[in-house]
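Peer 1: One structure coming up, written as structure tokens, with questions to follow.
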Amino acid sequence: MPVLHLTDRSIAALPVPSESERQRDYWDDKLPGFGVRVSYGGRRAFVVRYRVGRRMRRLTIGPYGPPPKKSLADARNEARSVLGKAADGEDPAQDKRDQLKGELFRDLASAYLEMAEKRHRSWREEKRIIDKDLLPVLGFRRLVDIRRRDVRELVEDIARKRDAPVMANRTLGVLSRMFNFALDREWIEANPASRIPEPGEEQSRDRVLSDEEIRELWAALESLANQNEEEPDNAAQELRRAKARVTPATAHAFQVQLLTAQRPGETRKMQWADVDLESGWWTIPPTVAKNRRAHRVPLTKPVLEILRHRREIAGESGKFVFENRRGAGSIAHRGKKAASILCRGLSFHFRAHDLRRTASTGMAEAGVPRDHIAKVLNHIEGGPAATRIYDRYAYDNEKRDALERWARRLQAILKGQSGKVVAIGSRQR
């Protein structure tokens, strides 16, 4: 078992074990019996081991991190206390189990939802799952009595008896997050939902539009954005119907999403206050970004043409770039429905998120390095936490180069083999 000098930096740099190993312990060279357990998912938790009679016992002090988690200094002090009690013949692990016997699952559900409402965008769906599937089964169970078998049987019943494998997966995910929440607050010593395989198989979300589909979609979006009288031959009737339901703002939002490779919801919530048309930058604030991390997006020439056209339409009034029909808010919740309506006039089906994946693939095909694409997508990188903490380089030049390469590639795709140009950003007045 590895022994090292535990510091914040050394803990952050500890390697994550393989899936087959699952977890690995690292012991402190200053305080024997005190250490850190690193799990396969990257979680780091302080542990202490001691002997009671002839038996070796282990106690989890708590997860490493900012409050309500444990700092290294606090964990080391608690470990000294535990080791002192063990030296006097006490069993701190048994004492802790005795203290936890009264906590019920319904108490955990109440505390978790109070937190989720403030932090999770999907808290309403989590609440629905908790109210419908978890509280009726586990509500009055003591947390310390819930075993892996109970969790596995619950989600497998949802998958088999209700024939809802995807919902079973979602339920398992909610349970795992709830028990991690309880673990962070030292209400339990282990997560009974960890390492339980998902009972349902889901289709991989790897849809990428072909060049022909990109051309067909762009022509449809141009028609809807500009409200032309002349429709593409292959979708004329359905596109005329779609015009009554898909606004120019929604069509423009789809185009901007394809050009910038950003998330659908973030694009539809774009505000003028976050856009600088002069320098060509859009800053997604942390309150809008899915990962709660501010993100600077370079605006290429075709995107700027669309946005300047939107500004001409809106004048100096209006908060959102893509406003709803009433001019009283964004089109934030229109993406899924608009894509469904638009598909009726196309020869294929797509979802809003497919545009982001298509742009990412297009950048890769244009020779953009994978780590630069990740910066454009605002993905949180893997690797040691210390590397992520100290790497504060903005990658502005790399992101702009990536999106300009994608814009040129998209322009080439839209020209098509026939040579007929469907110009990016051509706006009708």
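Every number in this text was worked out from the coordinates using simple rules, so none of it is lab data. Just so it is clear, the structure is predicted and the values come from calculations on it, not from any experiment. Quick reminder, even Gly has a Cβ in these numbers, built from the backbone with ideal geometry, and neighbours come from all protein chains shown.
Peer 1: Please list 3J(HN,Hα) in residue order for the range 348-356, calculated via the Karplus relation 6.51 cos²θ - 1.76 cosθ + 1.60 where θ = phi - 60°; whole Hz, with x for glycine and proline.
Peer 2: Listing the rounded values in order: 8, 10, 8, 10, 4, 5, 4, 5, 5 Hz.
Peer 1: Compute the Kirkwood hydrodynamic radius of the range 3-95, taking the inverse of the mean of 1/r over all pairs of distinct Cα atoms, and give it in Å to one decimal.
Peer 2: 13.6 Å is the Kirkwood radius here.
Peer 1: Reachable aspartates and glutamates from residue 301, Cα under 15 Å, same-chain residues fewer than 8 places away excluded?
Peer 2: Hits, sequence-local ones excluded: 276, 278, 401, 404.
Peer 1: Oh, and also: For a footprinting-style exposure proxy, rank 50, 395, 26 by other Cβ within 10 Å, fewest first.
Peer 2: Ordered from fewest to most neighbouring Cβ atoms within 10 Å, 50, 395, 26 come out as 395, 26, 50.
Peer 1: What ranking do 54, 357 get, fewest neighbouring Cβ atoms within 10 angstrom at the top?
Peer 2: 54, 357
Peer 1: By a straight-distance test (C-alpha under 16 Å), which aspartates and glutamates pair with residue 415 as possible cross-link partners, with residues fewer than eight away in the same chain excluded?
Peer 2: 211, 212, 213, 216, 222
Peer 1: Another question about this same structure. Please list, ordered by chain and number, the residues whose modelled amide H lies under 5 Å from the amide H of residue 295; skip anything fewer than 5 residues away on the same chain.
Peer 2: Amide H to amide H, under 5 Å and 5 or more residues apart or across chains, residue 295 pairs with 284.
Peer 1: Just check the range 105-184 against the gyration tensor rule for me: Cα atoms, a ≥ b ≥ c as the square roots of the eigenvalues, rounded for a/c under 1.5, and otherwise prolate or oblate depending on whether a/b exceeds b/c.
Peer 2: Verdict is oblate for the range 105-184.
Peer 1: So which of 127/290; 290/399; 161/337; 337/399; 30/70; 118/399 end up more than 22 Å apart by C-alpha?
Peer 2: Too far apart for the 22 Å limit: 161/337; 337/399; 118/399.
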